[in-house]
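Take a look at the structure set out below.
The values are calculated or read from the model by the stated rules, or taken from the named source; none is laboratory data. As the structure is a prediction and not an experimental result, all values here were calculated from the model. When we count neighbours, we look across all protein chains shown, and the Cβ atoms used for this are built from the backbone with ideal geometry, even at glycine. Note: accessible area is taken over every heavy atom of the protein model, side chains too, but ligands, DNA and RNA are not part of it. Shrake-Rupley method; radii C 1.70, N 1.55, O 1.52, S 1.80 Å.
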Amino acid sequence: TREWWGENHTALTETGVAGIWNDMNEPSLFVPQQSTMPGDVVHPGGGDPKWHAQIHNTYGSLMARATREGLLKLNPQERPFVITRAGYAGLQRHAMQWTGDNSSWWEHLWMSMPQLQNLGLSGVAWAGVDIGGFFGDSNGELLARFTEFGVFQPFCRNHSAKGTINQEPWSFGEPYESVCREMIKLRMRLLPYLYTIFEECHRTGAPIVRPLLFEYPEDETTYSADDEFLFGDSLLVAPITRPGIEHRHVYVPEGTWFHYWTGERFDGPAHILAHAPLGQPPIYFKANKAVAMGAEISHTGEASDPLSLLLHPAEGAAESTLYEDAGNGFGYEEGEYARRSVACEVLGGNIAVRIGEREGSFAPERESVHLELRGVNTRPESVLVNGEEADWGYEEAGGNITVRLAETADEVSVEVRVTGPD
């Protein structure tokens, strides 16, 4: 039956359908409403019959598996894209999941965070909730705040039920439309970083949306911090989940963190009263961690050149990774990928950044990379790239240094002398 199901996707793939969404596959029945298959239905089971009550949760996973296997046979050179509503342990091998029919409630916005963190810890990391809520009518403020959270989900989708009011980003006018637009633009810029942590998840199982306890298990305060999360290991996000407020409590664990919108520095562990006006949810970047960001684009078909490596230097050292490949196909299994480390060390006010030699045979199609250092409040005396004077600029507002580098597969060493040699 699974083979038959997979083969029947031919009519869709031949017309250009690129992905399959398996919905209602608990399976869901409509008589009576909101019901599922009775527990005493018998499944043949290949000669080992089972009651439906025994295999109910497996049904959705096997449907997703059948879809993925069918797409692989029909388009063996393309990565299958399968969404499912139902599933069981091991589902992540076959499909990504969204969490089903939530509601346009502030309570469901809050609930999304522990829900996705628990899914990630359970191995189902490629997941998301319906932005704006599915059942019921949303409003401008709820949609905007939902979007501020939702752009950090692995699966990012605004989705609502028939019969509810429209909740596209433009449906409620300003300022909500602009808030949604700017947050979606931020997600698009973060795609290189997101792709890197997707690959880490694929390779190691590490969640994409992570509870703080995942990275800081020795810190017991993180055990109950379920209304904020880490996006990879370098960003901390703490959305607003109540109407009419612009402040919230945020806990930052050990290390140094920088507020994305203001550049304000916080040394953890610390409890913060964060100001979060509409359009500026609390987002914190971990010091010395390079976050790869693309150019501002409207869709992934546009060229994203240059690539920016955004760094917030602080005393100490840290290392991060950038991963890239073709975005489709299976060439990465044969070494057609590009992985490189980015290490940053700050000592005595001077900043050393080393971009490691590219691993893998994939060559990104761009000409330049910008190393962006934020929060350097003293104009550097010099900036050297591989020992020679660099092409760089400095903005006093925000203390931003931009070092312009040529794309290369070789190791690159950048030295920023702020205090000058002894």
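With only Lys, Arg, Asp and Glu charged, each at its Cβ (+1 for the first two, -1 for the last two), find how big the charge dipole of the stretch 255-388 is about the Cα centre; round to the nearest 20 debye. It would help to have the intermediate numbers written out before the result.
Values: 10 positive and 20 negative charges, 122 e Å.
Charge dipole of the stretch 255-388: 580 debye, to the nearest 20.
Mind ranking 289, 50 by accessible surface for me, highest first, 1.4 Å probe? Let's see the in-between values first.
On the way: 289 30, 50 65 Å².
Correct descending sequence by accessible area is 50, 289.
Show 146, 330 ordered by accessible area, largest first, where the area counts protein heavy atoms only and the probe is 1.4 Å.
Numbers: 146 0, 330 55 Å².
The ordering from most to least exposed comes out as 330, 146.
Carbon-plus-sulfur fraction of the accessible area of the stretch 154-261, 1.4 Å probe, in percent?
Working: 2520 of 4800 Å².
Looking at the stretch 154-261 in its full context, I get 53 percent from C and S.
Short version: ³J(HN,Hα) in whole Hz for each residue of the stretch 90-95, in order, from phi by Karplus 6.51 cos²θ - 1.76 cosθ + 1.60 (θ = phi - 60°), x for Gly and Pro, what are they?
Using θ = phi - 60°, the values come out as x, 4, 4, 6, 10, 7 Hz.
Can you pull out the GluC sites (Glu not before Pro) in the stretch 266-324 whose DSSP state is coil and whose Cβ has at most 16 other Cβ atoms within 10 Å?
Details: sites: 296, 302, 315, 319, 324; in loops: 296, 302, 315.
Passing sites in the stretch 266-324 are 296, 302, 315.
What number, in nm² with one decimal, is the all-direction average of the projected area of the convex hull of the alpha-carbon atoms of the stretch 358-418?
Details: hull surface 18.2 nm².
Mean projected area for the stretch 358-418: 4.6 nm², to one decimal.
When the dipole is taken about the Cα centre of the stretch 153-246, and only Lys, Arg (+1) and Asp, Glu (-1) are charged at their Cβ, what size is it in debye, to the nearest 20? Kindly include the intermediate steps, with their values, before the conclusion.
Values: 9 positive and 15 negative charges, 129 e Å.
Result for the stretch 153-246 is approximately 620 debye, rounded to the nearest 20.
So how far, in whole Å, is the C-alpha centre of the stretch 25-48 from the one of the stretch 375-422?
The stretch 25-48 and the stretch 375-422 have Cα centres spaced 63 Å from each other.
Please report how far the C-alpha centroid of the stretch 71-127 lies from that of the stretch 300-343, rounded to the nearest whole angstrom.
24
Along the Cα-to-C-beta direction of residue 1, a point sits 7 Å from the Cα; which residues of the stretch 57-97 have their amide N less than 15 Å from that point?
Under 15 Å, as judged by backbone N against the label point of residue 1, lie 57-67 of the stretch 57-97.
Could you name the lysines in cross-link range of residue 185, using Cα to Cα under 24 Å and dropping any fewer than eight places away on the same chain?
Within the straight-line cut-off, residue 185 pairs with 286, 289.
Which value in nm describes the separation of the simple spin-label points at residue 54 and residue 137, placed 7 Å from the Cα toward the beta carbon?
The two pseudo-label positions are separated by 5.0 nm.
Please state, rounded to one decimal and in Å, the Kirkwood hydrodynamic radius that the stretch 140-287 gives when every pair of distinct Cα atoms enters the mean of 1/r. Each step should come with its number before you reach the end.
Values: mean 1/r = 0.0618 Å⁻¹.
Roughly 16.2 Å, rounded to one decimal.
Mind checking which of 292, 332, 362 is farthest towards the positive end of the stretch 290-422's charge dipole, using Cβ charges of +1 (Lys, Arg) and -1 (Asp, Glu) about the Cα centre?
Checking the options against the dipole of the stretch 290-422, the answer is 292.
Would you work out which of 412, 43, 186 lies farthest towards the positive end of the dipole of the chain? Charges go on Cβ: Lys and Arg +1, Asp and Glu -1.
43
Multiply the residue separation of residue 336 and residue 400 by 0.36 nm, subtract the distance between their alpha-carbon atoms, and state the gained length in nm to one decimal. The partial results should precede the final answer.
Details: separation 64, 0.36 × 64 = 23.04 nm, distance 3.44 nm.
Full-extension gain reported as 19.6 nm.
According to the Kirkwood expression over distinct Cα-Cα pairs, how big is the hydrodynamic radius of the stretch 203-281, in Å?
13.3 Å is the Kirkwood radius here.
What does the charge count near residue 140 come to, summing +1 for each Lys or Arg and -1 for each Asp or Glu among other residues with Cβ under 10 Å from its Cβ? It would help to have the intermediate numbers written out before the result.
On the way: positive: 145; negative: 141, 174, 177.
Residues near residue 140 contribute -2 overall.
Need one number: % antiparallel among DSSP beta bridges in the chain, to the nearest 5. Let's see the in-between values first.
Working: 67 of 82 bridges.
So the antiparallel bridges amount to about 80 percent of the total.
Residue 417 to residue 328: FRET efficiency via 1/(1 + (r/R0)^6), r the Cβ-Cβ distance, R0 45 Å, to the nearest 0.05? Write down the numbers at each step before the final one.
Values: r = 43 Å, r/R0 = 0.96.
Rounded to the nearest 0.05, the efficiency is 0.55.
Work from the charge dipole of the chain (Cβ charges, +1 for Lys and Arg, -1 for Asp and Glu, about the Cα centre) and give the residue of 341, 124, 304 farthest towards its positive end.
Final value for the positive-end residue is 124.
Please compute P(r) over all alpha-carbon pairs of the stretch 272-411, binned at 5 Å starting from zero, and give each bin as a whole-number percent.
Per 5 Å bin, starting at zero, the Cα-Cα P(r) for the stretch 272-411 comes out as 2, 9, 16, 20, 20, 15, 10, 6, 3, 0 percent.
Run the helix sum for the chain: -39,500 (n - 2.57) per DSSP H stretch of 4+ residues, divided by residue count, reported at 222 nm to the nearest 500 deg cm²/dmol.
On the way: 8 runs with 92 residues, N = 422.
After summing the helix terms and dividing by residue count, I get -6500 deg cm²/dmol.
Can you give me the Rg/Rh ratio for the chain, using Cα atoms for both radii and the Kirkwood formula for Rh?
Numbers: Rg = 23.5 Å, Rh = 23.5 Å.
So for the chain, dividing Rg by the Kirkwood Rh gives 1.00.
For the chain, with only Lys/Arg (+1) and Asp/Glu (-1) charged at the beta-carbon, what is the dipole magnitude about the Cα centre, in debye rounded to 20? Walk me through the intermediate numbers first.
Details: 31 positive and 60 negative charges, 237 e Å.
The dipole magnitude comes to about 1140 debye.
Taking a probe of 1.4 Å, how large is the accessible area per residue of the chain, in Å²? Could the numbers behind the result be given before it?
On the way: 20360 Å² over 422 residues.
Accessible area per residue, the chain: 48 Å².
Which residue fluctuates most in the GNM of the chain (Cα springs below 10 Å): 348, 316, 100?
In this elastic network of the chain, the residue with the biggest mean-square fluctuation among 348, 316, 100 is 348.
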